[in-house]
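J.: My questions will all concern the structure given below.
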Amino acid sequence: MNDHLPSFYPGQPMGDWINSFYRVHGVEAHPFNFHSHHEYEIYFFHSGDCRYLINNRIYDLQPGDIILLDGMTLHKPNPQPGSTYIRSMIHFSPIWLQELLVILGTPNLLDPFQKLNNCLLRTGYDEAGICVDEGLKRISGLIANQEAELQQKGKKSNTSEAEIKLELVQLLVKIYKMSHKELAQHSNKRTEKEHHAEGIASWINDHYTEKVSLDRLANEMNLSKYYASHVFKEVTGFTVMEYVMGCRFNQVKYLLEMEPDQTLGEISQATGFESIAHFSRFFKGKSGVTPSQYRKNRLNIGIS
């Protein structure tokens, strides 16, 4: 099954508020995109051979692993070719749940996404892991039923969204309890290659707004150009410059939305682009819209 899913997956959407994808199989020939999004994400790893990069951290995944993502931190799976890569995901907007969480008196249910810095919960498919897996399956089923109802009748029932919200809240309660266990967050043992790849990613995060070259990186990291280039590609699945441009792209999106008074020229310069023309071409190629249109779209969402 060939269902590579880039930054937004053609799964089972419910407006812009929640998307769910249960037990997605397979790896495409094209690499997975280094991406970010505004929604929180629950990622569940079922099987395969996969490393997961979150900003400058690299995890070797084990079946039953759960990753809680704030969305805006750059992240990317790197499954190995030939492995049976199976994962489930839910993307959801915290805004969609705010009113319900206030009514329930549980606004802290989102703390794991806001305070744990994109953490990994290692369940080993224990009882808690199985419970999360089943919750993901139920939510995916409810969303699929709602979409089928919309296609057949042209409208959704009054109760379907409430069912999905309540199921998601129950899942978040389970995850909240798991995240507070002493051993919930797992610290991986690093190989030498992984250590160097993380060091390279950290260096790029500190310098991507500057003029970056492989020569400079290798010199300042005290590594050979060949080794730095190849070890980063081997561990993360993408090149040094792909990572640099991913960091720049993520920061551009942030500035376009959060700094509405900054001009495109100022944003281009602040994020390390050589020219505003290169900045505009790159951004449209990655996002499908111009920087100005992206800013307009995001600010309109904030107003509505």
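J.: Could you please find all residues in the range 265-288 being loosely packed, with under 15 Cβ neighbours inside 10 Å and more than 21 Å from the chain's Cα centre (by Cα)?
T.: The answer is 265, 266, 274, 275, 277, 278, 281.
J.: Find all pairs meeting these conditions: Cβ atoms under 7 angstrom apart; at least six residues apart or on different chains; first residue within the range 80-94 and more than 22 Å from residue 235 (Cβ to Cβ); second residue in a loop (DSSP other than H, G, I, E, B) and open to solvent by 10 Å² or more (accessible area, probe 1.4 Å).
T.: Within 7 Å, the pairs are 91/39; 92/17; 92/39; 93/16; 93/17; 93/39.
J.: Please go through the range 257-272 and pick out each residue that is charged (D, E, K, R) and in contact (Cβ under 8 Å) with a residue 12 or more places away in the chain.
T.: As a first pass, look at the range 257-272 and keep what is charged (D, E, K, R): 257, 259, 261, 266.
Answer for the range 257-272, where residues must be charged (D, E, K, R) and in contact (Cβ under 8 Å) with a residue 12 or more places away in the chain: just 257.
J.: Now a separate question. So which of 210, 163, 198 ends up being open to solvent by 50 Å² or more (accessible area, probe 1.4 Å) and assigned by the TED database to the domain that holds residue 248? Explain how you work it out, then say what you get.
T.: Details: 163 fails: assigned by the TED database to the domain that holds residue 248; 198 fails: open to solvent by 50 Å² or more (accessible area, probe 1.4 Å).
Within the list 210, 163, 198, the selection yields 210.
J.: Let me ask something else about it. Within the group 257, 234, 220, which residue is at pLDDT below 90, assigned to a helix (DSSP H, G or I) and loosely packed, with under 14 Cβ neighbours inside 10 Å?
T.: On the way: 257 fails: loosely packed, with under 14 Cβ neighbours inside 10 Å; 220 fails: at pLDDT below 90.
Being at pLDDT below 90, assigned to a helix (DSSP H, G or I) and loosely packed, with under 14 Cβ neighbours inside 10 Å holds for just one of 257, 234, 220, which is 234.
J.: Let me ask another. Search the range 192-217 for residues being hydroxyl-bearing (Ser, Thr, Tyr) and at pLDDT 90 or above, and hand back the single one that is nearest to the chain's Cα centre (by Cα).
T.: Our first condition is that a residue be hydroxyl-bearing (Ser, Thr, Tyr); within the range 192-217, this holds for 202, 208-209, 213.
Narrowing further to those that are at pLDDT 90 or above: 208-209, 213.
On the way: 208: 20, 209: 22, 213: 26 Å.
Residue satisfying both the conditions and the ranking: 208.
J.: Exactly one condition in (1) modelled with pLDDT under 95; (2) open to solvent by less than 80 Å² (accessible area, probe 1.4 Å); (3) more than 15 Å from residue 41 (Cβ to Cβ); (4) in a helix (DSSP H, G or I) is false for residue 124; which is it?
T.: Every listed condition holds for residue 124 apart from (4).
J.: So is residue 19 at pLDDT below 55 and either open to solvent by 20 Å² or more (accessible area, probe 1.4 Å) or of a type outside the set (Gly, Ala, Ser) (or both) or not? Break it down into steps so the answer makes sense when it comes.
T.: Details: at pLDDT below 55: no; either open to solvent by 20 Å² or more (accessible area, probe 1.4 Å) or of a type outside the set (Gly, Ala, Ser) (or both): yes.
Against the criterion (at pLDDT below 55 and either open to solvent by 20 Å² or more (accessible area, probe 1.4 Å) or of a type outside the set (Gly, Ala, Ser) (or both)), residue 19 does not qualify.
J.: Can you tell me which residue is surrounded by the most Cβ atoms within 10 Å (Cβ to Cβ) among those in the range 43-87 that are within 9 Å of the chain's Cα centre (by Cα) and among the β-branched types (Val, Ile, Thr)?
T.: Among those that are within 9 Å of the chain's Cα centre (by Cα) and among the β-branched types (Val, Ile, Thr), it is 54.
J.: If you don't mind, there's one more thing I want to ask. Would you confirm whether or not the range 185-194 contains a residue that is part of a helix (DSSP H, G or I) and open to solvent by less than 40 Å² (accessible area, probe 1.4 Å)? Reasoning before the result, please.
T.: Restricting attention to the range 185-194, the residues satisfying the condition of being part of a helix (DSSP H, G or I) are 192-194.
When the remaining residues are screened for being open to solvent by less than 40 Å² (accessible area, probe 1.4 Å), the result is 194.
Looking through the range 185-194, at least one residue is part of a helix (DSSP H, G or I) and open to solvent by less than 40 Å² (accessible area, probe 1.4 Å).
J.: Continuing with this model, one more query. Looking at the range 217-231, I want the residues that are free of Cβ contacts under 8 Å to residues at least 12 places away in the same chain and over 15 Å from residue 198 (Cβ atoms) and have a partner that is of a type in the set (Ser, Thr, Tyr) and crowded, with 18+ Cβ neighbours inside 10 Å with Cβ atoms under 9 Å, at least 6 apart or on another chain. Which pairs are those?
T.: Once the first residue is free of Cβ contacts under 8 Å to residues at least 12 places away in the same chain and over 15 Å from residue 198 (Cβ atoms) and sits in the range 217-231, its partners that are of a type in the set (Ser, Thr, Tyr) and crowded, with 18+ Cβ neighbours inside 10 Å give 218/229.
J.: Restricting the search to the range 135-160, which residues are β-branched (Val, Ile, Thr), open to solvent by 40 Å² or more (accessible area, probe 1.4 Å) and in contact with a helix residue (DSSP H, G or I) (Cβ under 6 Å, 6 or more places away or on another chain)? Break it down into steps so the answer makes sense when it comes.
T.: The initial filter retains those residues of the range 135-160 that are β-branched (Val, Ile, Thr), namely 139, 143, 159.
Adding the requirement that they be open to solvent by 40 Å² or more (accessible area, probe 1.4 Å) leaves 159.
Those that are β-branched (Val, Ile, Thr), open to solvent by 40 Å² or more (accessible area, probe 1.4 Å) and in contact with a helix residue (DSSP H, G or I) (Cβ under 6 Å, 6 or more places away or on another chain): none in the range 135-160.
J.: For a quick check of your reading of the model, give me the residue pairs whose first member lies in the range 95-109 and is assigned to a helix (DSSP H, G or I) and aliphatic (A, V, I, L, M), whose second is modelled with pLDDT under 90 and surrounded by 10 or more Cβ atoms within 10 Å (Cβ to Cβ), with beta-carbon atoms closer than 7 Å and at least 6 apart or on different chains.
T.: Correct list of pairs: 101/107.
J.: Another question, then. Within the bounds of the range 280-298, is there any residue that is small (Gly, Ala, Ser) and part of a loop (DSSP other than H, G, I, E, B)? Quick ask: steps written out before the conclusion?
T.: Filtering the range 280-298 down to residues small (Gly, Ala, Ser) leaves 280, 285, 287-288, 292.
Retained after the next criterion (residues that are part of a loop (DSSP other than H, G, I, E, B)): 288.
Among the residues of the range 280-298, at least one is small (Gly, Ala, Ser) and part of a loop (DSSP other than H, G, I, E, B), which makes the answer yes.
The values are calculated or read from the model by the stated rules, or taken from the named source; none is laboratory data. Bear in mind that the values here come from a model prediction, so they are computed numbers and not experimental data. Positions of Cβ are generated from backbone atoms using ideal geometry, with glycine treated the same way; all protein chains shown enter the neighbour counts. To get the accessible areas, we keep the full protein, side chains included, count just its heavy atoms, and leave off ligands, DNA and RNA. Shrake-Rupley method; radii C 1.70, N 1.55, O 1.52, S 1.80 Å.
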